[in-house]
Amino acid sequence: MPLFGRFEEQGPEKHMLGALQSIHLPARRFKDSEEVDYVIVGVGSAGGVLLQRLARAGFNVVGLEAGPFWDTEKDWVSDETGSHELYWTDPRVTGGTDPLALGANNSGKGVGGGSVHWAAFTPRLHPSDFEVYTRDGVGADWPIDYSIIQPYYEQLELEMPVSGPAYYPWGHPHGYPYGPYPMGGVGNALIKGCTALNIPVSIGGPVAILAGSHGDRPHCIYRGFCIQGCKVGAKASTLVTHVPDALRSGAEIRPHSMAAHIELGSDRRAKGVHYFDRNGNLHFQKAKAVIVSGYAIETPRLLLNSACPGFENGLANSSGTLGKYLMAQAGNVVLGRFDQPVRMYKAPPAHALTEEFYETDPKNDFVRGFAIQTVGPLPVAFAKQMLAAKKAWGWGMRREMMDYDHWASFGLLGEILPWADNTVTLAEEKDRFGLPVAHVTFNLHDNDKKLIKAAKEKTMQVMRAAGATEVVQEARYAHLVGACRMGSDPDSSVVDKFARTHDIANLFVCDGSVFPTQGSANPGLTIQSLAARTADYLITQGDRVFSSNDRDMTEPVIRRQLAPPETWGKGIPRLT
Ligand SMILES: Cc1cc2nc3c(=O)[nH]c(=O)nc-3n(C[C@H](O)[C@H](O)[C@H](O)COP(=O)(O)OP(=O)(O)OC[C@H]3O[C@@H](n4cnc5c(N)ncnc54)[C@H](O)[C@@H]3O)c2cc1C
Ligand code: SF4
């Protein structure tokens, strides 16, 4: 029993998003037999934005979400190990020469998806990211260029909103709508190291964390539990930024609903989605169009599990590229010990970064580049890093843990290229619903290895220049994207530039899986910006999506008025 009384229960009339943000309204419930306009699989980073936009535009929309609808007041705790429920920890198989760790630090599960546990770094991709093949002869070009996504970056930076400097020099230089927030100890170390080496560094963002209160959301209190789910509501997640408006606009979110397969009609159009409820009962939600937003692993898994006559190798897979070109960013963590206490838990982990090494440099023996960012592991994560980096164990581990306050950590974010042999396929193993689980295969190639080596050395150099007396590192990966890539050529991509599958006119894939390349920016802002653009396209197309197989490839108009109220038009004037 909390001191201030009983918890309010979540009920049919009420969705709880913490004490300040509960939404009091009748929960809409469409009947399975009722044909809705859109069913969206996964209410995460992309799914949350799509749901909000389409509902606000007047469509009947259902979001099927495999995880729970969080009551942030009751379900989330200020405890590192207590937060693992936020992650997709269902079985997955991992393999390849450089297997990715899958599980409790990976994709999200529950309304808000990965945006609930992200650190909220929100840099944009650079213009060069959209033409990697043309510039460097590797990877692929995107079917869109930077100018297409730029207005959506500006839009989402206001909707989240993003705190950051008034002038951000890298990529396409721009400014942020809300001022930067104060530094913690790790940020100070990054500034000191970069300054000593004459490397420009961005302070206090870009990060989707409130530097001041905004609407019904309070400012950040430097509690440091961002990756555990921000109970305060200062960190943006679609759970607090877009889902409330989606519900107010008439969308239905059906939590604990695990999509099993998409049904295809004899007319080669999607008819709806079969899903399991929390008791394991199978249902079928009819829909005029289907959007899959399940993350770079679960999206290809669902399409592969939806194989049917005509698409024996997976739905929408006539190109044979479904599940291929999966990417992760190199995410090595470099730790440095300082004589003075750093106290890295006393701030959001995301608060300073440099993109000075982002672009291809002809002096390097590799193409593309990397970023260096602050990270602030809490004690359990720190213990794992000490085990990996120093083989600390027993009494040695206790000594390291007693020293926790003296350590700072930086994360490198390195661009790994898209390779056909990095894949999501189906495993023999099945989950509790009897559905084959994902088998993820990951191999580093020559360019990736050289880039990681250089990025590691530079990050360690910065840590030493900051004054660290001991510097160690842990190899790891971050941010999976790709495996359903977008492109103009139906023979080498799964979706077109609006995220519509090349093969099925009323089936869309909209999430991180559509990235053809990934740059070395954290992907979340781009994922949400692409979702807002796809929503604008669908709204512009109107009922044609539901009946016609024709493809109108004209850019949609940008509908800023469909943003959640109180978001568009706020902030300081931006530099363009
Ligand atoms: C620790 C950590 C920190 C991160 N920090 C950052 C950061 O600072 N900045 C950044 O940009 N990115 C960050 N990321 C990455 C970011 O969280 C993801 O890239 C992003 O959330 C992916 O968005 P998405 O829409 O593709 O998928 P998600 O947000 O994961 O949403 C997918 C949703 O679909 C649901 N789902 C999947 N399959 C089914 C199914 N069959 N039926 C029903 N529902 C289903 C899932 O439960 C989930 O809710 C971080 C990730 C981690 C793990
Ligand atoms: S540090 Fe700020 S953003 Fe992070 S969990 Fe605490 S209040 Fe939320």
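The values are calculated or read from the model by the stated rules, or taken from the named source; none is laboratory data. Note that the structure is predicted; figures quoted are calculated from it, not measured. We place every Cβ from the backbone using ideal geometry, glycine too, and count neighbours over all the protein chains shown.
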Inset, instruction - Say whether the condition of being of a type in the set (A, V, I, L, M, F, W, C), touching a Gly at 6+ places or on another chain (Cβ under 8 Å) and in a strand (DSSP E or B) is met by at least one residue in segment 377-385. - result: no
Inset, instruction - Considering only segment 466-491, state which residues are among the hydrophobic types (A, V, I, L, M, F, W, C) and assigned to a strand (DSSP E or B). - result: 471, 472, 478, 480, 481, 486
Legend entry - One residue from 256, 261 being in contact with a helix residue (DSSP H, G or I) (Cβ under 7 Å, 6 or more places away or on another chain) and either within 16 Å of ligand 1 (Cβ to nearest atom) or assigned to a strand (DSSP E or B) (or both): 261
Inset, instruction - Filter segment 305-352 down to the residues that are away from ligand 1 (no atom under 15 Å from the Cβ) and not in a loop (DSSP other than H, G, I, E, B), then identify the one that is surrounded by the fewest Cβ atoms within 10 Å (Cβ to Cβ). - result: 308
Inset, instruction - Go through segment 221-253 residue by residue and tally those that are in a strand (DSSP E or B) and more than 16 Å from ligand 1 (Cβ to nearest atom). - result: 0
Inset, instruction - Kindly establish whether residue 395 is free of Cβ contacts under 8 Å to residues at least 60 places away in the same chain and out of contact with any Cys (no Cβ under 6 Å at 6 or more places or on another chain). - result: yes
Legend entry - Selected residue (only one of 138, 201 is touching a Leu at 6+ places or on another chain (Cβ under 7 Å), more than 29 Å from residue 337 (Cβ to Cβ) and more than 16 Å from ligand 2 (Cβ to nearest atom)): 138
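So that you can scan it fast, the table gives a plain yes or no per residue for (1) surrounded by fewer than 18 Cβ atoms within 10 Å (Cβ to Cβ); (2) at negative phi; (3) away from ligand 1 (no atom under 16 Å from the Cβ):
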| residue | (1), (2), (3) |
| --- | --- |
| 188 | no, yes, yes |
| 191 | no, yes, yes |
| 195 | yes, yes, yes |
| 200 | yes, yes, yes |
| 205 | no, no, no |
| 208 | no, yes, no |
| 214 | no, yes, yes |
| 219 | yes, yes, yes |
Legend entry - Flag for residue 169 being surrounded by fewer than 24 Cβ atoms within 10 Å (Cβ to Cβ) and touching a residue at least 40 places away in the same chain (Cβ under 8 Å): no
Legend entry - residue 520 vs. criteria part of a loop (DSSP other than H, G, I, E, B), more than 16 Å from ligand 2 (Cβ to nearest atom), out of contact with any strand residue (DSSP E or B) (no Cβ under 9 Å at 6 or more places or on another chain) and not acidic (Asp, Glu): no
Inset, instruction - Go through the residues of segment 204-220 one by one and say whether even a single one is within 12 Å of ligand 2 (Cβ to nearest atom), at pLDDT 95 or above, small (Gly, Ala, Ser) and part of a loop (DSSP other than H, G, I, E, B). - result: yes
Inset, instruction - Read through the list (1) more than 23 Å from the chain's Cα centre (by Cα); (2) among the aromatic types (Phe, Trp, Tyr); (3) modelled with pLDDT under 95, then give the number of the only condition that residue 338 fails. - result: (3)
